[in-house]
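Notes for the one structure printed next.
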Amino acid sequence: MFEALQQENRPWQQALVVNSSGVVAASMNDADIGVVSYAGREWFKTMLASKLQYYEFTEDGIEKVASLLALKGTDLYTLVITNRSHLTAPVQEVERISRFAVLLAVLLSFLGIFAVLTPATRDIRRLAAYAESTGEGQDAAPVLLERNDEVGALSQSLVDMVGKLTEMISVARQATQAKSDFLARMSHEIRTPM
């Protein structure tokens, strides 16, 4: 019955058939048959009394998991006892790999954000410097960015707005000059008698 399990060394697991009294009826270790009994162990009593199929307990300082299933039509049960650490080792490995994957994903996300934002912030700073120098009355060269996004649209709008403002300032200067010329002529005409 246990030939396949006997061929594979599993010190972390026991596979047994026990009767309702807890005495081993079949085992991977033939020396346990009829000799070893689990009747005096609290975890076994709890599993039998409450018909639990799965139970966690600590024995000899080692956390273990037991599975107890009744064999139909007999007073026999299959009992598999496994060290809990062996069962959780694959889960812990998956958790470790998952943590690494999440860390890598976060790192790649930051690199992606940095790659996208660095050119954008550089271009926005160029636009801000252009707007500031234009606002101070300096004749700055237009900053027209070759981008197909919001920053490119902002660049185009800023250049268009500065162009319109420059035209309006030119018109205002011409109007001011015309007004000054008119007032100078009128002042001269008023002072000079006819």
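Among the residues making up segment 92-108, those that are open to solvent by 80 Å² or more (accessible area, probe 1.4 Å) and either under 19 Å from Q53 (Cβ atoms) or hydrophobic (A, V, I, L, M, F, W, C) (or both) are V94, I97, F100, V102, L103, L107, L108.
Scanning segment 90-143 for residues that are among the β-branched types (V, I, T) and not in a loop (DSSP other than H, G, I, E, B) yields V91, V94, I97, V102, V106, I113, V116, T118, T121, I124, T134. Screening A172 on (1) open to solvent by less than 60 Å² (accessible area, probe 1.4 Å); (2) under 30 Å from L117 (Cβ atoms); (3) in a helix (DSSP H, G or I) shows it passes everything except condition (2).
Residue pairs whose Cβ atoms lie under 9 Å apart, separated by 6 or more positions or on different chains, with the first residue in segment 60-86 and modelled with pLDDT of 90 or more and basic (K, R) and the second open to solvent by 70 Å² or more (accessible area, probe 1.4 Å) and assigned to a helix (DSSP H, G or I), are K64/R84. Residues of segment 43-89 that are within 17 Å of A26 (Cβ to Cβ) and either aromatic (F, W, Y) or not in a strand (DSSP E or B) (or both): F44, L71, K72, G73, T74, D75, Y77.
Examine segment 158-168 for a residue that is modelled with pLDDT of 85 or more and either surrounded by 11 or more Cβ atoms within 10 Å (Cβ to Cβ) or outside any helix (DSSP H, G or I) (or both), and state whether such a residue exists. Yes: segment 158-168 contains one or more residues that are modelled with pLDDT of 85 or more and either surrounded by 11 or more Cβ atoms within 10 Å (Cβ to Cβ) or outside any helix (DSSP H, G or I) (or both).
The values are calculated or read from the model by the stated rules, or taken from the named source; none is laboratory data. Please read these numbers as outputs of a predicted model, since none were measured by experiment. Note that we place each Cβ from the backbone using ideal geometry, even for glycine, and neighbour counts take in every protein chain shown. These accessible areas exclude ligands, DNA and RNA; they are computed on the full protein's heavy atoms, side chains included. Shrake-Rupley method; radii C 1.70, N 1.55, O 1.52, S 1.80 Å.
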